[in-house]
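Please treat every number below as a calculation from the coordinates, not as lab data. Note that the coordinates shown come from a computational prediction; the quantities given were computed from them, not determined experimentally. Methodologically, a virtual Cβ is constructed for each residue, glycine included, from the backbone with ideal geometry; neighbour enumeration extends over all protein chains shown.
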């Protein structure tokens, strides 16, 4: 029966003759231990792409700096739990009299739960592409490009993942540091690195050192690389016989150790500044624009000071796992005085609600709005955000990490290695598959890491 349906048009083509027995076998997984015994392969068996991933990271180092840097730790559950040691015990009161006793001193242990998240990218190769002679193997090409897409997705999440705003994302390294009980955060209120000087690097390294860490790795958005190089060059002196061009620095010495930001760290393409927001993603599945109102009221914790008084413009975007909506511009500017806060009430789109919002704002008396903060959308339909001017729009941040301690400080909890999972063919003349990477970022000792925020940058809204 089946032999009459399939015609042998080309000995090497995918449409070659197949018997009923072979067709039945190709649609089943089968059993056995020797894959060589299965002629023509086995259908729908995931393929390990770890080697492809390693090759892609080696060839695209500039796109995968964090993925190359962090250790991969295999885990065996979609909910990974472990104990975190916060303190080894009291050491300041450890003396005793001759023959005397001592009080008990205990470790401080915290239970940590990490939810595994799933990066999954669908790719496909058409029958036509597989049948014709191409300049490269189409299947391997799609597999490689799918691998790069998955790696880029993971790299972005390391810096900007936020499960509150988009529940399918894992929490990035900055989010985990900020969420710690006593986070290391320095706020520079819109100043440029050149204005701050050495303190922009040494102060955070000192703060981490005080808490037992040794910050020796620095990541930042690419635009800050120019400012850091200018800061370093101002501290270099050349003799009259020096004829070399100005050097490019890849580290910065401090009294508490040297911080690296060279080829394997430093500027990362997927570490973005808070800049202009544009709609993106699938137009059919991304959320619809919300509506919003804003009023200024007196707030006790306000960081709107005298120099910040003025009129502010706001734009609100909705966001979900499929993309960012078009923005909703508040009709009128909000007049703000020193000591005020701005209460922004956001109402979700009734037909296509989002899981979070991107709140954008101008500088005082400005016309350009840039990203201020991303917040979770409340399920009630209305979300209240109070802008206390704690975050500044159009600014950047830097991420300080500690490496080479007795225990791993930052790692990737990996449920499965990167893999290719074949899919059943449907009503399209194509062979589809998923590229899958299941895991989550894990900052095991957040007090040995830190964030400097609200840094001004060229092209931003604040420049000191």
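I need the fraction of alpha carbon pairs in segment 425-464 separated by more than 17 Å, rounded to a whole percent.
Cα-Cα pairs of segment 425-464 separated by over 17 Å account for 69 percent.
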| Between residue 309 and residue 234, what length comes free when the chain is fully extended (0.36 nm per residue of separation minus the Cα-Cα distance, one decimal in nm)? | 23.6 nm
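Among 170, 139, rank each residue by its count of other Cβ atoms within 10 Å, from fewest to most, as a rough exposure measure.
Neighbour counts put them in this order, fewest first: 139, 170.
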| note | Full extension between residue 376 and residue 83 adds, at 0.36 nm per residue less the Cα distance, a length in nm of 102.7 nm
| Likely footprinting exposure, 114, 421, fewest C-beta neighbours within 10 Å first | 421, 114
| said: Once each part is reduced to its C-alpha centroid, what is the distance from segment 112-130 to segment 284-337 in angstrom? | reply: 35
| Gain in length, residue 96 to residue 226, computed as 0.36 nm per residue apart minus the alpha-carbon separation, to one decimal in nm? | 41.2 nm
| query | Taking the Cβ-Cβ separation of residue 130 and residue 45 as r and a Förster radius of 22 Å, what is the calculated FRET efficiency to the nearest 0.05? | reply | 0.70
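Taking a quarter of the surface of the Cα convex hull of segment 149-286, what do you get in nm²?
With every direction weighted equally, the projected area is 11.5 nm².
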| message | Under 25 °C and 0.890 mPa s, how fast does segment 280-387 diffuse according to Stokes-Einstein, given a Kirkwood radius computed over C-alpha pairs? Answer in µm²/s, whole number. | response | 174
| request: Please report 82, 314 as a ranked list, fewest other C-beta atoms within 10 angstrom at the top and most at the bottom. | output: 82, 314
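If you take the beta carbon distance between residue 429 and residue 105 as r and set R0 to 60 Å, what does 1/(1 + (r/R0)^6) give as a FRET efficiency, to the nearest 0.05?
0.30
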| field | Sequence-separation-based contact order of segment 280-387, relative, with Cα cut under 8 Å and 6+ spacing, percent | value | 33
| request: Could you calculate the FRET efficiency of residue 367 with residue 115 from 1/(1 + (r/R0)^6), where r is the beta carbon distance between them and R0 is 60 Å, rounded to 0.05? | output: 0.90
